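This report refers to the structure that appears directly beneath it.
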Amino acid sequence: MVISVILISYNTANMSVEALNALFASQGDFKLEVFVVDNASKDDSVAVIKKAFPQITLIENKVNVGFGRANNQVLDLATGEYILLLNTDAFVQADTLAKTLRYIESQPTCGVLGVRLIGRDGEQQPSCRYFPTPFNLFAHKLGLTRWFPTLQMVDDADWNPAITENCDWVPGCYYLVRKQVIEQVGLFDPRYFLYSEEVDHCFAVKKAGWQVVYFADTSVVHIGGESAKSDGKVTTAGKQLSVLQAESELLYFRKNHGILSCILHLVLVLLADSIQFVKDLVKLKLSKNSRFFANSKLTFISAFKTRMGSIPVR
């Protein structure tokens, strides 16, 4: 069986080597065709990966095209029955490939599979997730989840990481998908530069009748945020990442739920900021460093730039 593995490299030379070493150590009897797409790294990622892994296919982009578009570049080259998207800061265990492939082979309706994600310190990371809505994002921001016990949150408070179960979407750091699914619904929508690609893809996968499964019987060590940390302009006060997330949320809502969901999202973000402002005022927590209505400003600017989620801006 051929497994096509795609990694997107961006200023993570050492971690890319670690991730690839872990991948090949878990290969077993499978045939791996491995593709690394380098998104115009500013470090020595290209040279390091070429030297360490001459057997892989390395695609060198002249500019950073974003996560989803970079993965899409490989689709015409991949010949595997399954496509595995693997982050360069995600390290598989020795049994990860064998267990996940055995499971997805035994479940003909499983289109996408993710695994249990843990940090280097062993801390559990969100791995079994549900679709965002304007209201569950609003409830989460204000900590109102206990007041809405029947509301399905993006991260279920009662989620048991030891149980394999169907969910809405799984994070893209270990994302195993059937080639048949990609032939039917495609992979990532190129309108997303970063964030929401896998959410949107899983929405299409489920709409087409496939299941998305969180698989609990193996884990992947996921560091998270390493590419972002390497880029100063991206990480300044977290502002650039927040802009990307705000834009992607609007693109997702507009595409999958229409303009009314975008309008509701804007209203609820403004309401959340207003409530937080009043709470801080009452508790005398306001200071000269307080960022009044920061989320609202960001979201409304993103709404303007994306024409209410109808066009990408990157």
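The values are calculated or read from the model by the stated rules, or taken from the named source; none is laboratory data. Just so it is clear, the structure is predicted and the values come from calculations on it, not from any experiment. With ideal geometry, Cβ positions are generated from the backbone for all residues, glycine too; neighbour counts draw on all protein chains shown.
Table for the structure above
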read-out: Residue in the range 209-244 that is surrounded by the most Cβ atoms within 10 Å (Cβ to Cβ), counting only those that are at pLDDT below 95 and of a type in the set (S, T, N, Q); value: S227
read-out: Strands (runs of 3 or more DSSP E) enclosed by the range 43-125 - at least 2 residues per element that are over 22 Å from Q27 (Cα atoms); value: 57-61
read-out: Which listed residue is among the aliphatic types (A, V, I, L, M) and either surrounded by fewer than 21 Cβ atoms within 10 Å (Cβ to Cβ) or touching a Gly at 6+ places or on another chain (Cβ under 9 Å) (or both), from V17, V37; value: V17
